[in-house]
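Student: One structure, as structure tokens, below. Some questions next.
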Amino acid sequence: MITKKISIALLLSATFTGSLLPPAITAQSKATSPVAPRREQVEAVVKEAYEKFKGDTSGKNADYIPYLAQVDSKMFGIAIVTTDNQVLTMGDVDYSFSIQSISKVFTLALAMDELGADAVFKKIGSEPTGRAFNSPIAVVDMPSHTGNAFVNAGAIATTSLISGANEDEKWNKILEFYGKAAGDKLKLIDEVYKSEAATNTGNKALSYLLAKYDRIYADPFESVDVYTKQCSVGVNAVQLARMGATLANNGINPATGEQVIKPENIPHILSAMAMAGLYDGSGGWAWKVGLPAKSGVGGGIVAIAPGKGAIAVFAPPLDEAGNSVKAQEVIDYVSEKLNYNLFSPSSVSLK
Ligand code: DON
């Protein structure tokens, strides 16, 4: 753990840290993935993407959570972690931003770990809503009411599935699980939590609407509170990329070697990300980029190239659907250059 911290600190010490990996981290790598990209390939592409998109000022910080409106909208960081634990970074990768909706992926993983995939599928579902992430109309209209685990309603219901004797026990279990996926101890950003808890009337309304349909599985307001905390967890781009790489690596954290997520659940999680990870932008994303991904209104997006690795980008300004503009541009560019698109046979080297 200590050696890993030192290694990460070394990795973060320069703006572009695509050079030599400290030996400690290399030694922790699992057997080399036959499909992980070569370091030189990734290094050049990350640098190109950073230069190409750093000047794009389009989009706007989320402001319905007051804290997020004040985050410096010029911040921009890219991190790639491969399944063989190479770490490549560029820009603002040591800033802790709130994970927001990206947390939903890992609460889904924990719920499946506890209840099994079939039970979670029955209780939550996995259909895209085609509506905004916080839509009450989707709760009324969707046959499942919950929709999927990534819109706010389905996510609050997923959080309500996590077992525990009381709210604190549930919350601590979630936080610890995220930390295992990140390979680091993660913390709540208290100011984000307070800012969101003071303004989350819409989510409270969704939780009661779910109760009307018997589609929330613990006390509605308690579930919203745990959900608000999980959205307020701080991650930097490297930690987020490592959480993604854990998914790409069949649930094994490539830095710690720990099996964090059951391998049988990975395809369900990634398919849910492909269907609804970017909300009402998910169809366009699949069309263009072809990777399971998840966005958060804090400005992060993580995308997964199964077997290969994950890319996390942090840049606060968002588009209309609530997805980081620069993060989408970078991931689109990088995945094209590295042949990551899952729907393309060339992603498995078919010429
Ligand atoms: O509940 C909310 O609205 C936020 N905590 C999370 C929403 C979010 O990140 C949507 N993402 N693009």
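Every number here is computed from the coordinates shown, using simple stated rules; none is lab data. Predicted, not measured: the structure shown is a model, and the values here were computed from it. A quick note on method: Cβ atoms are made from the backbone with ideal geometry, for glycine too, and the neighbour counts reach across all protein chains shown.
Student: Here is a check on your reading of the model: is V325 within 16 Å of the ligand (Cβ to nearest atom), over 23 Å from P254 (Cα atoms), of a type in the set (V, I, T) and over 15 Å from the mean Cα position of the chain (by Cα)?
Tutor: Yes; evaluated as a whole, the condition is true for this residue.
Student: Would you mind finding the one in K123, K54, K60, K104 that is of a type outside the set (A, V, I, L, M) and either within 20 Å of K229 (Cβ to Cβ) or in contact with an Asp or Glu (Cβ under 8 Å, 6 or more places away or on another chain) (or both)?
Tutor: Matching residue, one of K123, K54, K60, K104: K104.
Student: Let me ask you something else. Of all residues in region 94-113, count the ones that are of a type outside the set (D, E), away from the ligand (no atom under 14 Å from the Cβ) and not in a helix (DSSP H, G or I).
Tutor: The number of residues fulfilling the criteria is 2.
Student: Answer yes if at least one residue in region 246-264 is within 16 Å of the ligand (Cβ to nearest atom), assigned to a helix (DSSP H, G or I) and on the phi < 0 side of the Ramachandran plot, and no otherwise.
Tutor: no
Condition check ((1) of a type in the set (A, V, I, L, M); (2) in a strand (DSSP E or B)) across all residues:
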site	(1), (2)
A310	yes, yes
V313	yes, yes
P316	no, no
E320	no, no
A327	yes, no
V330	yes, no
Y333	no, no
N341	no, no
K351	no, no
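Condition check ((1) buried (at least 24 other Cβ atoms within 10 Å of the Cβ); (2) touching a Phe, Trp or Tyr at 6+ places or on another chain (Cβ under 8 Å)) across all residues:
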| residue | (1), (2) |
| --- | --- |
| M112 | yes, no |
| I124 | yes, no |
| F133 | yes, yes |
| A138 | yes, no |
| L161 | no, yes |
| A197 | no, no |
| N200 | no, no |
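Student: If I ask for residues that are within 13 Å of the ligand (Cβ to nearest atom) and in contact with a helix residue (DSSP H, G or I) (Cβ under 8 Å, 6 or more places away or on another chain), which ones from region 199-211 would you list?
Tutor: Answer for region 199-211, where residues must be within 13 Å of the ligand (Cβ to nearest atom) and in contact with a helix residue (DSSP H, G or I) (Cβ under 8 Å, 6 or more places away or on another chain): T199, N200, G202, N203, K204, A205, L206, S207.
Student: Further question: Would you tally the residues in region 133-149 being within 14 Å of the ligand (Cβ to nearest atom), in a loop (DSSP other than H, G, I, E, B) and over 13 Å from F121 (Cα atoms)?
Tutor: Total satisfying the criteria: 3.
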